[in-house]
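Quick notes on the structure that follows.
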Amino acid sequence: MLLQTPGKQQSPAATADDLARLFKAHGDGKNAFGAFGCAAAALRAGVPAVTVPVTADQPFWAGRLAALGAAPEPIPFRTLTAELLADALRTAVGRPEFARAAAKASEHMAGEDGAGRVLRAVGRVAGA
């Protein structure tokens with residue numbers, strides 16, 4: 001389970017690959033606040049997530065995980081209880097459709113060349 005402290009930044013030494021390895025190595029489902037990095041790491045690892053968005057981009061990315069079917073609906077931080085979190089984790093791990101959606105997203109992401117697409121787009125804009 002990846003736990004983050006609200007208001008504290010993640011170590012800049014932790015890369016997306018580091019997070020994906022952490023997610024993949026430690027079980028069937030993950031809990032995170034839902035920010036871009038954690039959402040991407042859960043998807044790259046191909047595991048379902050349970051999100052508890054707090055601020056900034058977290059509600060958006062938590063909603064995207066749910067829309068993809070790789071996570072149950074986000075739990076708003078202000079309503080979070082141990083029981084809600086435990087139920088959501090049981091749901092994420094116990095319903096195979098979440099794992100299937102996360103695995104499908106992982107396969108899709110593995111085949112993307114995001115950096116190459118950005119470079120080509122920048123080249124077109126710059127006239128190169």
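What follows is calculated from the coordinates using simple rules that are stated; it is not laboratory data. Everything numeric here is computed off the predicted structure, so don't read it as measured data. With ideal geometry, Cβ positions are generated from the backbone for all residues, glycine too; neighbour counts draw on all protein chains shown.
Below, the figures for the structure above:
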{"quantity": "Highest to lowest packing among 38-51, 74-87, 115-128, scored as the average C-beta count within 10 Å", "calculated": "38-51, 74-87, 115-128"}
{"quantity": "Per-peptide average of other Cβ atoms within 10 Å, ordering 57-64, 95-102, 107-114 highest first", "calculated": "57-64, 95-102, 107-114"}
{"quantity": "5 Å binning of all Cα-Cα separations within region 69-110, expressed as whole percents from 0 upward", "calculated": "5, 23, 24, 19, 15, 9, 4"}
{"quantity": "FRET efficiency estimate (nearest 0.05) - Cβ-Cβ, residue 84 to residue 120, R0 41 angstrom", "calculated": "0.40"}
{"quantity": "Rounded FRET efficiency, nearest 0.05, which uses the C-beta distance separating residue 110 from residue 55 and R0 of 25 Å", "calculated": "0.25"}
{"quantity": "Surrounding net charge for residue 114, when Lys and Arg each add one and Asp and Glu each subtract one, Cβ distance under 13 Å", "calculated": "+1"}
